[in-house]
Amino acid sequence: MRATIRGCLFAILAASCLAAGPALAQQEEPADSAEPLPAPHHHGHGKGPNPSLREVSPPTDRRGAWVGLGLGAGSESFRYSGTLPGYGPSLTKPTLSLKAGGTLGDHFRLGGELFGWFNQEGNILESVTSLLVIGQLYPLSHAGLFFKAGAGVGRYGVDYVNGPPSGDLGWAGVVGAGYEFRVARRVWLTPTVDLHYSYFSGRTFQSYHERVVSFGMSILVQDK
């Protein structure tokens, strides 16, 4: 009887081992044999970084050093001190400006400007020029509108080709306004209107005043 019971128990244990073998083998398969999970796909905006997109600076990001070159047309007129009714007839001729400086923040640029108005007639060049320290105030940090003011030294000259220079030196100032339109990361196009004023004591004449109202377009480049 005992032998029969032992035989039955042995048969049951052997059957259990045979049935559990395949399941244990399946659980012990290496993890790398499993099929890889598909990569997640992002749909819509804001669900993952897009490598094709780059951060763009604000359209009025003013910073660092800058340089500008401008061309325009200026209406020149003059008057002698103490005379009426004021300035005489105007003469419109080309103007040229070169300026450079630094940026003190979103609201202010500080620099220097070389300005000139030129009237070429034959071998005679008449000019009104000035070297100025200027400041440009931007009342809105995210817009290109600015107001400009400056002061320095001026020169009125009547120079002859192949002859010695002839002219007067005096005081000069400028007030104006403009708007910077950004066309590239570090480049702006700037329409401007400026009133340049100069006062000369005169070496051969009485003291006199020069005025140039200039309308121009300049290009400005900054280093950052």
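The values are calculated or read from the model by the stated rules, or taken from the named source; none is laboratory data. None of the values given here were measured: they were computed from a predicted structure. Please note: Cβ atoms are built from the backbone with ideal geometry, for glycine as well, and neighbour counts cover all protein chains shown. When the accessible area is computed, the model is the full protein with side chains, heavy atoms only, and any ligands, DNA or RNA have been set aside. Shrake-Rupley method; radii C 1.70, N 1.55, O 1.52, S 1.80 Å.
Scan segment 181-196 and give yes if some residue there is farther than 23 Å from ASP106 by Cα and open to solvent by less than 20 Å² (accessible area, probe 1.4 Å), otherwise no. If you could, list the steps in order and put the result at the bottom.
Within segment 181-196, the first condition is being farther than 23 Å from ASP106 by Cα, and the residues that meet it are 195-196.
Right, trim to open to solvent by less than 20 Å² (accessible area, probe 1.4 Å) and you get 196.
Checked against the condition, which is being farther than 23 Å from ASP106 by Cα and open to solvent by less than 20 Å² (accessible area, probe 1.4 Å), segment 181-196 yields at least one hit.
Restricted to segment 131-141, and to residues that are open to solvent by 10 Å² or more (accessible area, probe 1.4 Å) and in a strand (DSSP E or B), which residue is nearest to GLY105 (Cα to Cα)?
LEU137
Out of curiosity, is VAL174 of a type in the set (A, V, I, L, M) and either over 21 Å from LEU91 (Cβ atoms) or out of contact with any strand residue (DSSP E or B) (no Cβ under 6 Å at 6 or more places or on another chain) (or both)?
no
Just one of the numbered conditions (1) under 34 Å from the mean Cα position of the chain (by Cα); (2) open to solvent by 10 Å² or more (accessible area, probe 1.4 Å); (3) among the small types (Gly, Ala, Ser) is not true of GLY74; which one?
Answer for GLY74: the failing condition is (2).
Restricting attention to segment 168-177, does a residue exist that is of a type in the set (Gly, Ala, Ser), over 18 Å from GLY70 (Cα atoms) and open to solvent by 50 Å² or more (accessible area, probe 1.4 Å)?
No, segment 168-177 contains no residue that is of a type in the set (Gly, Ala, Ser), over 18 Å from GLY70 (Cα atoms) and open to solvent by 50 Å² or more (accessible area, probe 1.4 Å).
Do any strands (runs of 3 or more DSSP E) entirely within segment 145-224 hold 2 or more residues that are touching a residue at least 60 places away in the same chain (Cβ under 8 Å) and charged (D, E, K, R), and if so, which?
208-222
Restricted to segment 181-220, and to residues that are charged (D, E, K, R) and more than 26 Å from TRP171 (Cβ to Cβ), which residue is nearest to the chain's Cα centre (by Cα)?
Selected residue: ARG186.
Scan ARG62, ARG79 and give me the residue that is closer than 27 Å to LYS224 by Cβ, at pLDDT 75 or above and open to solvent by less than 80 Å² (accessible area, probe 1.4 Å).
Checking each option against the conditions leaves just ARG62.
Return the residues of segment 89-106 that are in contact with a Ser or Thr (Cβ under 6 Å, 6 or more places away or on another chain) and open to solvent by 30 Å² or more (accessible area, probe 1.4 Å); say none if nothing qualifies.
SER90, THR92, ASP106
Is it true that GLY154 is modelled with pLDDT of 95 or more, surrounded by 15 or more Cβ atoms within 10 Å (Cβ to Cβ), touching a Phe, Trp or Tyr at 6+ places or on another chain (Cβ under 6 Å) and not hydroxyl-bearing (Ser, Thr, Tyr)?
Considered against the rule, which asks whether it is modelled with pLDDT of 95 or more, surrounded by 15 or more Cβ atoms within 10 Å (Cβ to Cβ), touching a Phe, Trp or Tyr at 6+ places or on another chain (Cβ under 6 Å) and not hydroxyl-bearing (Ser, Thr, Tyr), GLY154 comes out as no.
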